[in-house]
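**Q** The structure under discussion is supplied below as structure tokens; questions concerning it will follow.
The values are calculated or read from the model by the stated rules, or taken from the named source; none is laboratory data. Not measured: the values here are computed from a predicted model. Ideal geometry is used to build each Cβ from the backbone, glycine not excepted, and the neighbour counts take in all protein chains shown. Only protein heavy atoms, including side chains, enter the accessible area calculation; ligands, DNA and RNA are left aside. Shrake-Rupley method; radii C 1.70, N 1.55, O 1.52, S 1.80 Å.
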Amino acid sequence: MSNTTHIIDDATLQRESADLAPRTVRHRLTVTGVVQGVGFRPFVYGLATRLGLTGWVLNTSAGVTIEIEGSPPAVESFRTALTGEAPPLARIERVTAESLPPNGFTQFDIRESQPEPGAFQPISPDICICDDCLRELFDPADRRHLYPFINCTNCGPRFTIIKDIPYDRPQTTMAPFVMCADCAREYHDPRDRRFHAQPVACPVCGPQVRLEIGGLENSPILQSPFLTAQQLLRQGKIIAGKGLGGFHLACDATNEEAVAELRRRKGRADKPFALMMPDIAAIEQYCYISTEERALLESRQRPIVLLQKRGNATPPIAASVAPRQRTLGVMLPYTPLHHLLFSFPPSSFLLHPLVMTSGNFSEEPIAARNDEALTRLAPLADAFLLHDRDIHIRTDDSVMRVFEGAELPIRRSRGYAPYPVKLPHAAPPTLAVGGELKNTFCVARDHYAFLSHHIGDMENYETLQSFESGVSHFESLFRIQPQIIAHDLHPNYLATRYALARAEREGLRAVGVQHHHAHIAACMAEHGLDGEHPVIGVALDGTGYGTDGAIWGGEFLLATYSHFERVAHLAYVPLPGGDAATRKPARVALAHLLAAGLPLDSDLAPVRALPDSERSIVEKQITIGLNAPLTSSMGRLFDATASIIGLRQEVNYEGQAAIELEAVADPDETAAYDFDLSGDLILPHSAIRQIVNDWRGGVSPPIIAARFHNGVAAMIRRVCVRLRKSHGVNQVALSGGVFQNVTLLAKALALLRADGFEVFTHRLVPPNDGGIALGQAAVSVIGNW
């Protein structure tokens, strides 16, 4: 064989195997993808020794490099098994091979990692505790019995503890914990399940848990932090517990007083709390679970899953957990610490379901450090369940729901970030900074777009700091020095200001991307559309800065990555008071009533909801356009409908009125309200008049809500049919926060598919603003490079 290295294809390997003369070949394989921290090297070691091959394997900053030497049939078998039998957490993107002259290796070794300047690789998200570790956790004979940081190569923290690549212990927050002899033996044994499991530890050498009550560490009288925490929770107390990506605030979800007190302290009036329940049997007492929902609950990502409530469970979930909702957001325990909190021996009881909400005041980043939690969360928590393994990057829980048997992301974070979305075209080093609400950012290079964990609403300095820290970490981790920085067009968004200031400071190319174009591009990118042909983009949400300076949100676009044309939209109405109207649906209801030609009679719910003085000001704002920016927002139309039928006149979290409108909609109602089309304008005036007539006629809110949803779905179909006729486009992409509403999504999809459209919806990133950074990246690098 030639001394010249070359890439080996399958045909070459088959020719080598067909050579009956006994001989030795040597190949170097380079494997890219999620192949570090997932048990890949011990898998390679075991595979090579099983096949009688010699050589070595090591981690690099770019992935895993392998040299194998042996007979051609054994080498071919190795290559086949490398992808066919890979560990469950591995995601192999590519394997390349070079032919080298035989070296005479006498054994197969695992070598020390080698950093490569500028190289990068995807990083594994954090993974829930595996069945093997869970069994050992509760095995009295195991040396890690009841140890809350048990883990192995198949589970445990990854993304939240890694500081840099290659993924080795010195590059993680486990570096300060020196392994004992037993852990070191497991760590260095390629046949052991904990071989090179970077967070490996035990009670002798690893992190420890402690409980603090009122600032005092637990005394010897308190036998276990977990038993004491259980007792406090049963007494109605609130516990701040340090988890995988930050602190949770926990209380007994069946204790109405405890839940109400948590709401009061946290400053969270109505937004639903997430729940944690010990097992599937417990969840089934409170919720209906489909086969797909069970699989998602039990998946290694362990997200919060939105489930339909059951009635008459005992003890009942406190009504204030999810006010006026048909669903509960529920997750299973995903760390050893969570399992011990529910069932720490010799406790003879399982706790009730627990509220498990983010450890922060509303609109602040989740607390991640002990000192930070003890200071910031002191007004919120009665006790603190702490540990001394640092969290390098704070990461909130992910939120998912099942739609048509597959995942529909609501918040993509723990368990999913930072796994990349593959781009249809190669990208230069790029940073996309996202939007204002539900912020995530995205760094891109080559064919990878790394969407960040959930940052939150960019409305304060603390969240901006968390954003900047996350950006710095991603750029370091994935070896990206941006040449392009993409941002929303809104000039006052904190993320936009950051992008423009940094672009000027560092000489970067700044690319402004219209908000709804980014929504559609995100949907296109996650489906791998090349963008050569336009799609009909239906982008429905609450707010987005338009190219004309108005507030868009009811948009039909003809879109590629490089260009979009606004081909239809909801008719503008004034938004009296600007942001004040987003908090008071009654205000926007008055605007829609007047636009529909209806008098503001005193019997109407939104008219009664506003004091005379405020109503007079609002009417004047609408009439003369004073502090009343124009909006085409579908989200605000949902708000107006909820207000007119008396559901919600003020909101205390984003999307509340629309969420409650969906919650009451009668699934059996088939009638629909009318939307009129006039040129590129979609007029909701007929629908508003019909809503008022039905409400005055005594039609129930569930029927009216259903007819509104049906009318919006029918309007989407009608507009898309018209656009297909005029532009010859048959592909439709649905995006924007309104499409979190699965009632509307299901109705719109059914109508579009019945008319023969090919429809794309979100499966990898959220339809809300948590996904627009991906769209910004796609537009800036595919459409403009």
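**Q** Quick one: if the Förster radius is 45 Å, what FRET efficiency do GLU98 and ASP132 give, using the C-beta to C-beta distance and rounding to 0.05?
**A** Rounded to the nearest 0.05, the efficiency is 0.80.
**Q** Next up: Give the relative contact order (percent, whole number) for the range 188-311; include only Cα pairs under 8 Å separated by 6+ residues.
**A** Contact order relative to length: 10 percent.
**Q** Hey, any idea what % of the chain's accessible area is carbon plus sulfur with a 1.4 Å probe?
**A** 50 percent
**Q** A follow-up question, please. Can you tell me how much longer the chain between ASP109 and THR30 gets when fully stretched, taken as 0.36 nm per residue apart minus their C-alpha distance, in nm with one decimal?
**A** Here the answer is 26.8 nm.
**Q** Quick check: the distance between the Cα centres of the range 336-402 and the range 742-758, to the nearest angstrom?
**A** What the calculation gives is 40 Å, centre to centre.
**Q** Can I ask one more? Just to confirm a number: summing +1 for Lys and Arg and -1 for Asp and Glu over residues other than LEU328 whose beta-carbon lies under 10 angstrom from that of LEU328, what do you get?
**A** +3
**Q** Per residue, how much accessible surface does the chain expose to a 1.4 Å probe? Answer in Å², no decimals.
**A** It amounts to 37 Å² per residue over the chain.
**Q** Do any GluC sites (Glu not before Pro) in the range 495-532 lie in a loop, going by DSSP, with at most 12 other beta-carbon atoms within 10 Å of their beta carbon, and if so which?
**A** Answer by residue number: GLU532.
**Q** Please list the non-local residues whose amide H lies under 5 Å from the amide H of ALA510, H modeled 1.01 Å from N, same-chain partners needing a gap of 5 or more.
**A** ILE485
**Q** Assign one of three labels to the range 520-636, namely rounded, prolate or oblate, based on the Cα gyration tensor with a ≥ b ≥ c the square roots of its eigenvalues; rounded applies when a/c is under 1.5, prolate when it is not and a/b is larger than b/c, and oblate otherwise.
**A** prolate
**Q** Could you derive backbone 3J(HN,Hα) for the range 306-321 from the dihedral phi with the Karplus parameters 6.51, -1.76 and 1.60 (θ = phi - 60°), listing whole Hz in sequence and x where the residue is Gly or Pro?
**A** So the Karplus estimates, Gly and Pro as x, are 7, 10, 6, 5, 9, x, 6, 6, 10, x, x, 5, 4, 4, 7, 5 Hz.
**Q** Give me the distance in nm between label points sitting 7 Å out from Cα along the Cα-to-Cβ direction at THR623 and ARG324, one decimal.
**A** It is 3.0 nm.
**Q** Highest mean first, how do 749-757, 269-277 rank when packing is the count of other Cβ atoms within 10 Å averaged over residues?
**A** 269-277, 749-757
**Q** Another question, then. Which net charge results when you count Lys and Arg as +1 and Asp and Glu as -1 among the other residues whose beta-carbon is under 12 Å from that of THR560?
**A** With Lys, Arg at +1 and Asp, Glu at -1, the net is -3.
**Q** Let me ask you something else. What nm distance separates the two modelled labels at VAL721 and ASN312, each placed 7 Å from Cα along Cα→Cβ?
**A** Distance between label points: 4.4 nm.
**Q** Using Cα-Cα distances under 8 Å and only pairs 6 or more residues apart, what relative contact order does the chain have, in percent?
**A** 11 percent
**Q** Follow-up question, since we're still on this one. Each residue of the range 540-557 in turn: what ³J(HN,Hα) in whole Hz from Karplus with 6.51, -1.76, 1.60 and θ = phi - 60°, glycine and Pro shown as x?
**A** Per residue, the Karplus-derived 3J(HN,Hα) values read 10, 7, x, 7, x, 6, x, 5, 9, x, 7, 9, 8, x, x, 10, 10, 10 Hz.
**Q** Would you mind computing, in nm to one decimal, how far apart the modelled labels at ALA510 and GLU468 are, each placed 7 Å from Cα along Cα→Cβ?
**A** Going by the 7 Å Cα→Cβ label model, 1.6 nm.
**Q** Add +1 for every Lys or Arg and -1 for every Asp or Glu among the other residues with Cβ under 11 Å from the Cβ of GLN483, and state the total.
**A** Surrounding charge for GLN483 is +1.
**Q** Placing +1 at every Lys and Arg Cβ and -1 at every Asp and Glu Cβ, with all other atoms neutral, what dipole size does the range 369-410 have around its Cα centre, in debye to the nearest 20?
**A** Rounded to the nearest 20 debye, it is 80 debye.
**Q** Roughly how many whole Å is it from the C-alpha centroid of the range 612-661 to that of the range 113-133?
**A** Cα centroid of the range 612-661 versus Cα centroid of the range 113-133: 47 Å apart.
**Q** I've got another one for you. Using Cβ-Cβ distances only, list the Cys residues of the chain with no partner cysteine under 4.7 Å, sorted by number.
**A** CYS128, CYS133, CYS152, CYS183, CYS202, CYS251, CYS287, CYS442, CYS523, CYS720
**Q** With the contact rule set at Cα under 8 Å and sequence spacing of 6 or more, what percent relative contact order holds for the range 320-415?
**A** 16 percent
**Q** Also, I was wondering about something else. Starting from 0.36 nm per residue, how many nanometres of slack lie between ALA750 and ASN460 once their C-alpha separation is accounted for?
**A** Taking ALA750 through ASN460 to full extension adds about 100.3 nm, to one decimal.
**Q** For an R0 of 41 angstrom, estimate the FRET efficiency from the Cβ-Cβ distance between HIS447 and GLU614 and round to the nearest 0.05.
**A** That pair, HIS447 with GLU614, gives E of 0.15.
**Q** Still on this model: Give the distance, in whole Å, between the Cα centre of the range 250-311 and the Cα centre of the range 421-435.
**A** 35 Å
**Q** Now for a different question. First check a/c for the range 659-782, with a ≥ b ≥ c the square roots of the eigenvalues of its C-alpha gyration tensor; if it is under 1.5, answer rounded, and if not, answer prolate when a/b is larger than b/c or oblate otherwise.
**A** Prolate.
**Q** Given the options ILE68, ILE485, THR30, identify the residue whose Cα lies farthest towards the positive end of the charge dipole of the chain (+1 on Cβ of Lys, Arg; -1 on Cβ of Asp, Glu).
**A** ILE485
**Q** Additional query: Place the peptides 540-549, 35-44, 169-178 in order of packing, highest mean first, counting for every residue the other Cβ atoms within 10 Å and averaging per peptide.
**A** 35-44, 540-549, 169-178
**Q** Angle check, please: helix 701-727 long axis (alpha carbons) against the longest principal axis of the chain (alpha carbons), in degrees 0 to 90, nearest 10.
**A** 70 degrees
**Q** Another question, then. How do 362-373, 191-202 rank on mean C-beta neighbours within 10 Å, highest first?
**A** So the order, starting with the most tightly packed, is 191-202, 362-373.
**Q** I would also like to ask the following. What is the dipole size for the chain, taken about its Cα centre, with +1 at each Lys and Arg Cβ and -1 at each Asp and Glu Cβ, in debye to the nearest 20?
**A** So the magnitude is around 220 debye.
**Q** What list of ³J(HN,Hα) couplings, whole Hz, do you get for the range 748-763 from phi and the Karplus terms 6.51, -1.76, 1.60, once you set θ to phi - 60° and write x for glycine and proline?
**A** So the Karplus estimates, Gly and Pro as x, are 5, 4, 4, 5, 5, 5, 4, 8, x, 6, 8, 10, 10, 10, 7, 9 Hz.
**Q** Now for a different question. Which of rounded, prolate or oblate describes the chain when judged by the alpha-carbon gyration tensor and an a/c cut-off of 1.5?
**A** Note, shape of the chain comes out oblate.
**Q** Taking 0.36 nm per intervening residue step and subtracting the Cα-Cα distance, what contour gain separates GLU116 from THR547 on full extension?
**A** Here the answer is 150.8 nm.
**Q** Can I ask one more? Take the residue pairs LYS237/LYS266; LYS163/LYS422; LYS271/LYS584; LYS271/LYS309; LYS584/LYS620; LYS237/LYS438 and return only those whose Cα atoms are more than 19 Å apart.
**A** Over 19 Å apart, Cα to Cα: LYS163/LYS422; LYS237/LYS438.
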